[in-house]
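These notes are about the structure you will find just below.
The values are calculated or read from the model by the stated rules, or taken from the named source; none is laboratory data. Computed from a prediction, not measured in an experiment: that's the story for all the values here. All Cβ positions, glycine included, derive from the backbone under ideal geometry; neighbour counts span all protein chains shown. Quick note on the areas: whole protein, heavy atoms, side chains included, nothing else; ligands and nucleic acids left out. Shrake-Rupley method; radii C 1.70, N 1.55, O 1.52, S 1.80 Å.
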Amino acid sequence: MYPPAPTGDALPEARQGGGQRVLVSSVSSDSHTWNLVFLQLMLEELGHEVINIGSCVPDDLLIAECRRTGPDMVVISSVNGHGHLDGRRLIARLRAEPDLSELPVVIGGKLGTRGAENRAYGPELIAAGFDAVFEDTAGVAPFRRYLEEAARPVLESAGPARPALAATGDPR
């Protein structure tokens, strides 16, 4: 059972414990849900509020849910191996929306069907507009580190934002 989504234009109250509001979904062609449940449980364990909109979500619905729920980050998961295809289309659509163009969006999982060669999709997806890419053979450690870094407060004197992280193979 997924937590109930907010209704209407109302958003949930401020998150407790300083976690982020994270919208979790798959790419539109991916019907797998176990990965989304795993991500939801892991993110909640780390103190984040999760809005899990499920699998096979059309791009238009994901965009509408981003506007309705106001997430701090979007996590896209792929198990079927089409993440690089559907992901490029999705991120182009999101980045074309002025109100969502700066929303942090990451993608991970099985990004292709070529085994170890799937690592090649990381740079492509970063160039397409994702903030980070996590290839499944690296495990969850790089994603957890990314979340920890994203949760750290940014000091005004820290200078420009950190460069996009592409965790596409280093399991450390």
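Values for this structure:
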| quantity | calculated |
| --- | --- |
| Subset of segment 38-77 (residues that are within 16 Å of Asp136 (Cβ to Cβ) and among the hydrophobic types (A, V, I, L, M, F, W, C)) | Phe38, Leu39, Met42, Val75, Ile76 |
| Residue match in segment 94-101 (condition: open to solvent by 40 Å² or more (accessible area, probe 1.4 Å), assigned to a loop (DSSP other than H, G, I, E, B) and among the polar types (S, T, N, Q)) | no |
| Close pairs from segment 103-117: first under 18 Å from Arg145 (Cβ atoms), partner part of a loop (DSSP other than H, G, I, E, B) and of a type in the set (A, V, I, L, M, F, W, C), Cβ under 7 Å, at least 6 apart | Val105/Phe130; Val106/Phe130; Ile107/Phe130; Gly109/Val79 |
| Tally of residues being farther than 16 Å from Val74 by Cα, open to solvent by 10 Å² or more (accessible area, probe 1.4 Å), assigned to a loop (DSSP other than H, G, I, E, B) and touching an Asp or Glu at 6+ places or on another chain (Cβ under 8 Å) across segment 102-148 | 1 |
| Output for segment 53-76, where each listed residue is over 22 Å from Ala96 (Cβ atoms) and either open to solvent by less than 20 Å² (accessible area, probe 1.4 Å) or free of Cβ contacts under 8 Å to residues at least 12 places away in the same chain (or both) | Gly54 |
| Contacts under 8 angstrom Cβ, first residue in segment 129-158 being farther than 22 Å from Leu100 by Cβ, partner modelled with pLDDT of 90 or more and among the basic types (Lys, Arg), 6 or more apart | Asp136/Lys110 |
